[in-house]
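I have placed the structure first, in the form of structure tokens, so that the comments after it can refer back to it.
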Amino acid sequence: MKIYAHRGASHDFPEMTALAYESAVKQGADGFECDLRLTKDGVAILWHDADLKRRADSDAVVAETKFKKLKKIYPQILTFDEFLDFGIAEKKSLLLETKHPVPSRTEIEEVIVKKLKDEDSRIKKAGIEINVMSFSWFAIEKVKALNAELPTTFLLHDYTPWFTARYSSAQSIGPGINLLRKNPALAKRIKSTGRKLNVWTVDEAADITLCHHLGVDNLITNRPGYARQVLRNI
Ligand code: G3P
Ligand code: CA
């Protein structure tokens, strides 16, 4: 089971900052997870929420604000380009989650897929895996239409109907740990469709152990070092 640092080692450092990803390397993560949004001027940045309220106490909305201004409000913002460079340099695999709905619709998928194509030789040389994830069924299908070779993960909310996962073109399915805890049989159901199982956000020992026993492929956690320690002791 591979360990992905969710927004970096975000239990210990501010989410999706260089510090959080540097710490994830030190904690032995196999890869990094991040959330992606486009700024008003089309820059792909690592940001979870639609606005800057929670992290910077600002009313600025990512999709309505130019990158330069966002960077001034929250200087630790990372761009997707910087993040990809870091993943390649550290040889860490990447789970890239595109956030929806957004006013630019599936432009973020176009930007990401193009960048990954441009950087294909560096990515291959680094030997890392890159996977685009989304809760949006249509975002996943957009990625498939843009580049059928690029691995994807369809993320499940607790209320996502099973048939949407069944009809997804994604090679991996991503339920949350709450859903899997309530319904462990879901792991077998997902595996029986020939897909991989990526589970988020798994921070407690009992849940990490459960994921190990259920044959989860990729564990997404805020605490990569702790997850590594728990797995060593199973
Ligand atoms: O890795 C998937 C997980 O991050 C989805 O939830 O809200 O943390 O982006 P969220
Ligand atoms: Ca995410």
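You can think of it this way: the chain between A185 and T209 has 7.1 nm of extra reach, that is 0.36 nm per residue less the Cα-Cα gap. Among the protein heavy atoms of the chain, carbon and sulfur supply 52% of the accessible surface, probe 1.4 Å, non-protein parts ignored. Accessible area per residue for the chain is 48 Å², calculated with a 1.4 Å probe on protein heavy atoms, without ligands, DNA or RNA. Expressed as a fraction of 2.2 N^0.38 Å, the value expected for a compact globular protein of N residues, the C-alpha radius of gyration of the stretch 99-169 is 1.18. Charged neighbours of A5, selected by a Cβ distance under 12 Å, balance to -1 (K, R count +1; D, E count -1). Lysines within cross-link reach of K66: Cα-Cα under 30 Å, excluding same-chain residues under 8 positions apart? Of all the lysines, those that pass the test against K66 - Cα under 30 Å, at least 8 places apart if same chain - are K40, K53, K92, K99, K114, K115, K117, K142, K144.
When you filter the trypsin sites (Lys or Arg not before Pro) in the stretch 83-119 for DSSP loop state and at most 10 other Cβ atoms inside 10 Å of their Cβ, nothing is left. Take the Cβ atoms of E149 and D51, set R0 to 41 Å, and the FRET efficiency comes out at 0.75. If one computes P(r) from the Cα atoms of the stretch 1-128, what percent of pairs lie at distances over 23 Å? Counting pairs separated by more than 23 Å, the tail of P(r) holds 30 percent.
Here's the picture: charge each Lys and Arg Cβ at +1 and each Asp and Glu Cβ at -1 in the stretch 2-232, and of A227, T98, S192 the one pushed furthest to the positive end of that dipole is S192. Between Y167 and R232, the modelled label-to-label distance comes to 4.7 nm, taking each label 7 Å out from Cα in the direction of the beta carbon. Each helix, a run of at least 4 DSSP H residues, gives -39500 (n - 2.57); summed and divided by the residues of the chain, these come to -11500 deg cm²/dmol at 222 nm. A simple charge model with +1 on the Cβ of Lys and Arg, -1 on the Cβ of Asp and Glu and nothing else charged puts the dipole of the stretch 2-232 at about 400 debye relative to its Cα centre. Divide the volume of the convex hull around the Cα atoms of the stretch 2-232 by the residue count and you get 120 Å³ per residue.
The values are calculated or read from the model by the stated rules, or taken from the named source; none is laboratory data. Treat the numbers as computed from the prediction; the structure is a model and nothing was measured. Every residue, glycine among them, receives a Cβ derived from its backbone with ideal geometry; neighbour counts consider all protein chains shown. Just so you know, the surface numbers come from the protein's heavy atoms only, side chains and all, with ligands and any DNA or RNA stripped out. Shrake-Rupley method; radii C 1.70, N 1.55, O 1.52, S 1.80 Å.
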